[in-house]
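*Asks:* Okay, handing you the structure first.
The values are calculated or read from the model by the stated rules, or taken from the named source; none is laboratory data. This is a predicted model, so every value here is computed, not measured. Every residue, glycine among them, receives a Cβ derived from its backbone with ideal geometry; neighbour counts consider all protein chains shown.
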Amino acid sequence: MIETTTDDRHFPPALAAVAGVAFDYGEEGEGIDFEPYEGFDSAEETTDWLRQWTGNQDLDGDAYRVFGQDGAGGLAALWHVRPGRPLAEQPVAFMGSEGECGVVAGNLSDFLWVLADGFGPAEAVRDEGREPRPDAALTALAEQHATTPRRPARDIITEARTEFATFAADLDDLCR
């Protein structure tokens, strides 16, 4: 289990801004299936969820800060895997209700650009062939809060998957 250097559950300003966005999934699923929270789930809620997701009662959720979900109950979280670094520098991960999972972006700033390109956490993991659908409001939000340069969502997702290539396998190893 990854040890964290802090139990910081202070919501970063960029996530607070994302929480103010009304995401529209659309009738044909052409939108973003994402429901951001106004704060992180509690440590207890996160531990309960991780134990249910893996079936492993020995785990705790200390490495995750859950900040949103898709319509089916899959969760988006900051994955605290870089000890000593702030939450905004941690990767964004998604764990779906059907066991699908993946790293969406290498940090919160890149996640904002993924959203701006029309990909939510679920779409980034489930829909590799999805075409970008830039959103003006999310682009403005990213321009205001991002500290990394704008890049196509597909590049950001690929880079994160490469950096954290064993994420899904490591989670599978925790399942009982």
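*Asks:* Looking at the range 51-101, which of its residues are among the small types (G, A, S) and part of a loop (DSSP other than H, G, I, E, B)?
*Replies:* If the condition is that a residue be among the small types (G, A, S) and part of a loop (DSSP other than H, G, I, E, B), then G55, G61, A63, G71, A72, G73, G74, G84, G96, S97, G99 are the ones that fit.
*Asks:* Determine the pairs where a residue that is within 22 Å of R82 (Cβ to Cβ) and touching a residue at least 24 places away in the same chain (Cβ under 8 Å), located within the range 49-71, has a partner that is part of a loop (DSSP other than H, G, I, E, B) and of a type in the set (S, T, Y) with Cβ atoms under 7 Å apart, the partner being 6 or more residues away or on another chain.
*Replies:* D62/T4; A63/T4; F67/Y37; G68/Y37
*Asks:* Could you grab me the full set of residues in the range 100-112 that are more than 15 Å from T162 (Cβ to Cβ), out of contact with any Ser or Thr (no Cβ under 7 Å at 6 or more places or on another chain) and modelled with pLDDT of 95 or more?
*Replies:* Selection gives C101, L108, F111, L112.
*Asks:* What residue, of P132, P149, is part of a loop (DSSP other than H, G, I, E, B), farther than 26 Å from V81 by Cα and without any contact (Cβ under 8 Å) to a residue 60 or more places away in the chain? Write out each step before concluding.
*Replies:* Values: P149 fails: farther than 26 Å from V81 by Cα.
None of the other options fit; the residue is P132.
*Asks:* Then there is this: Among the residues of the range 31-70, which ones are polar (S, T, N, Q) and more than 22 Å from P13 (Cβ to Cβ)?
*Replies:* Residues satisfying the conditions are T47, Q52, T54, N56, Q57.
*Asks:* Here's a follow-up. Scan the range 135-146 for residues that are part of a loop (DSSP other than H, G, I, E, B) and farther than 25 Å from A72 by Cβ and report the count. Spell out how you get there, then give the answer.
*Replies:* Here is the first cut: in the range 135-146, the residues part of a loop (DSSP other than H, G, I, E, B) are 135, 146.
The next check asks that each one be farther than 25 Å from A72 by Cβ; those that pass are 146.
So the answer is 1.
*Asks:* Additional query: Which of the residues belonging to the range 113-122 are over 13 Å from A160 (Cβ atoms), under 11 Å from the mean Cα position of the chain (by Cα) and not hydrophobic (A, V, I, L, M, F, W, C)?
*Replies:* Within the range 113-122, just G120 meets the criteria.
*Asks:* Return the only residue of D110, D117 being more than 26 Å from T46 (Cβ to Cβ) and in contact (Cβ under 8 Å) with a residue 12 or more places away in the chain.
*Replies:* D117
*Asks:* Run down E131, E159, E98, E163 and say which single residue is loosely packed, with under 13 Cβ neighbours inside 10 Å and over 28 Å from Q52 (Cα atoms).
*Replies:* Answer to the selection: E131.
*Asks:* Take the range 103-128 and flag every residue that is surrounded by 24 or more Cβ atoms within 10 Å (Cβ to Cβ) and in a loop (DSSP other than H, G, I, E, B).
*Replies:* The answer is D117, F119, G120.
*Asks:* So how many residues does the range 157-176 have that are touching a residue at least 60 places away in the same chain (Cβ under 8 Å) and within 17 Å of the chain's Cα centre (by Cα)?
*Replies:* 6
*Asks:* While we're looking at this one, here's another question. Could you please give the count of residues in the range 81-95 that are at pLDDT below 95 and crowded, with 18+ Cβ neighbours inside 10 Å?
*Replies:* 1
*Asks:* Check whether at least one residue in the range 40-60 is surrounded by 17 or more Cβ atoms within 10 Å (Cβ to Cβ), touching a helix residue (DSSP H, G or I) at 6+ places or on another chain (Cβ under 6 Å), within 28 Å of A146 (Cα to Cα) and modelled with pLDDT of 95 or more, and report yes or no.
*Replies:* So far as the range 40-60 goes, no, none of its residues is surrounded by 17 or more Cβ atoms within 10 Å (Cβ to Cβ), touching a helix residue (DSSP H, G or I) at 6+ places or on another chain (Cβ under 6 Å), within 28 Å of A146 (Cα to Cα) and modelled with pLDDT of 95 or more.
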